[in-house]
Structure formats: C-alpha cells, structure tokens
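Some notes on the structure that comes next.
The values are calculated or read from the model by the stated rules, or taken from the named source; none is laboratory data. This is a predicted model, so every value here is computed, not measured. Glycine also receives a Cβ, built like all others from the backbone with ideal geometry; neighbour counts cover every protein chain displayed. Note: accessible area is taken over every heavy atom of the protein model, side chains too, but ligands, DNA and RNA are not part of it. Shrake-Rupley method; radii C 1.70, N 1.55, O 1.52, S 1.80 Å.
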Amino acid sequence: MRSASRAVIAIVLACQWTTVGSGTAAGAYPERAIRLVVGFPAGGSSDASARIVQPTVEKQLGQTLVIENRPGAGGSIAIGMVAKAPPDGYLIGLGGAAGLGVSLGVQENAGYDPRKDLAPVTGLASVPFILAASNSLRGKTLRDIVAMAKQPNQLAIGHGGNGTLMHLTTEMFNRWPIPGLNWCPIAVWLR
C-alpha cells in the first residue's frame, strides 16, 4: 500500500507540473475532470491498479479522475493517445512494458517514441506472471511442463495478446532450458 500512496502523490504532482509549461495558471488547475487512459480492458491488473488510486487522486485534486480503458496492441493504442495529447495535465496514461518498450521492438511503427513523447511519472504497480496448473496435470516439475509444452496440443496458455510482455515471456519459456542458464526467469506455481 505504501507504493500506491507514493504513486498517488506522484500522479498529483505530475498533473500539477504539466500545467506549468502549458501556460495554464497553476492555481487554476484542475478546472475539469482528468482522464486516465489505461491500455488494457476493464477487470485486468492495470485497470485494478488505476481504480485503487482513483479515490485518493480525486480527493487530493478535488476533481474527478475518469478511467478510460483503451485496450489493444499491447497497450500501444492508449500510450499513443497520451503521446499525441497536449501536455496540459488533463490526459494521463497508465502504460505497461509492452506499450512503453516492447512495442518499439515488435511494431514497425508505433507512432510515438516513449523516450521523446512521454514523461514518466511513477511506478504504480508490479504484477508477477504466474504459471499455474491443476493438481491433475501429468507434469509435476518445470522440466515436465516444458516437455509437455513442446508436444502438439498438450498444453494451452492464455495471455494478454501478441506483443505483450506476457506473450514474450511465454515465448521465452518455450525456449527454456537455455544452454548455460540454470534457472528459468519465470515464477511457477503448480497447485
């Protein structure tokens, strides 16, 4: 919860800071609702993180924080929207690794450069990826799971879409074990 409190403070300060360079009087901000664009669907971890800080941001700013979900392209649609918006503090975004970094490597033209078009505010949350399976699954070790995954139609995995960090983590998992690497960089939970 401490990191969420720091994130709220950072969001509030960033909203107020953006008005300094835009010619808007700092004392007048915010005059209307602020939109927080989330690059993933409602109900996911990004949306939940936004909704956790929403009441505190609204209380501190004295304005409504409207959460607007703009899913697609691993968060790039939402991040692109924020990158093209005027820097007036009324449109901020919650972006993940895909929209802020991965998209640069997998998309031919993301339409924005996060290094030039965006100003980072704070880290809001860290969400681990967990591999979970039923007790009835034949494989009981990570090596067993990898062997099963390499067989056609043995396992299925769900992720947030092509180009997302979850997708790329899955691809990395498909290549394990990597010669010379004695560990798998993925958290595993077998139930």
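Is it the case that residue 127 is open to solvent by 50 Å² or more (accessible area, probe 1.4 Å) and among the hydrophobic types (A, V, I, L, M, F, W, C)? Yes, satisfied. With respect to the conditions (1) assigned to a helix (DSSP H, G or I); (2) at pLDDT 75 or above; (3) open to solvent by 40 Å² or more (accessible area, probe 1.4 Å); (4) farther than 21 Å from residue 49 by Cα, residue 105 falls short on a single one, namely (2).
When the stretch 130-145 is filtered for residues that are under 30 Å from residue 76 (Cβ atoms) and open to solvent by less than 100 Å² (accessible area, probe 1.4 Å), the ones remaining, listed by number, are 131, 132.
Mind listing whichever residues of the stretch 42-61 are outside any helix (DSSP H, G or I) and open to solvent by 40 Å² or more (accessible area, probe 1.4 Å)? Within the stretch 42-61, 42, 43 qualify.
Checking 57, 66, 20 one by one, the residue that is within 22 Å of the chain's Cα centre (by Cα), modelled with pLDDT under 95 and closer than 21 Å to residue 87 by Cβ is 57 and no other.
Can you tell me which residue among 51, 2 is closer than 14 Å to residue 124 by Cα, at pLDDT below 90 and of a type in the set (Lys, Arg)?
2
Here are some residues: 80, 163, 123, 93. Which one is touching a Phe, Trp or Tyr at 6+ places or on another chain (Cβ under 6 Å) and either at pLDDT 80 or above or not hydroxyl-bearing (Ser, Thr, Tyr) (or both)? Walk me through it before giving the result.
Details: 163 fails: touching a Phe, Trp or Tyr at 6+ places or on another chain (Cβ under 6 Å); 123 fails: touching a Phe, Trp or Tyr at 6+ places or on another chain (Cβ under 6 Å); 93 fails: touching a Phe, Trp or Tyr at 6+ places or on another chain (Cβ under 6 Å).
The conditions single out 80.
Among the residues examined, residue 119 does not qualify as under 24 Å from residue 166 (Cα atoms) and part of a loop (DSSP other than H, G, I, E, B). In the set (1) in contact (Cβ under 8 Å) with a residue 40 or more places away in the chain; (2) closer than 10 Å to residue 36 by Cβ, residue 65 fails one condition alone, (1).
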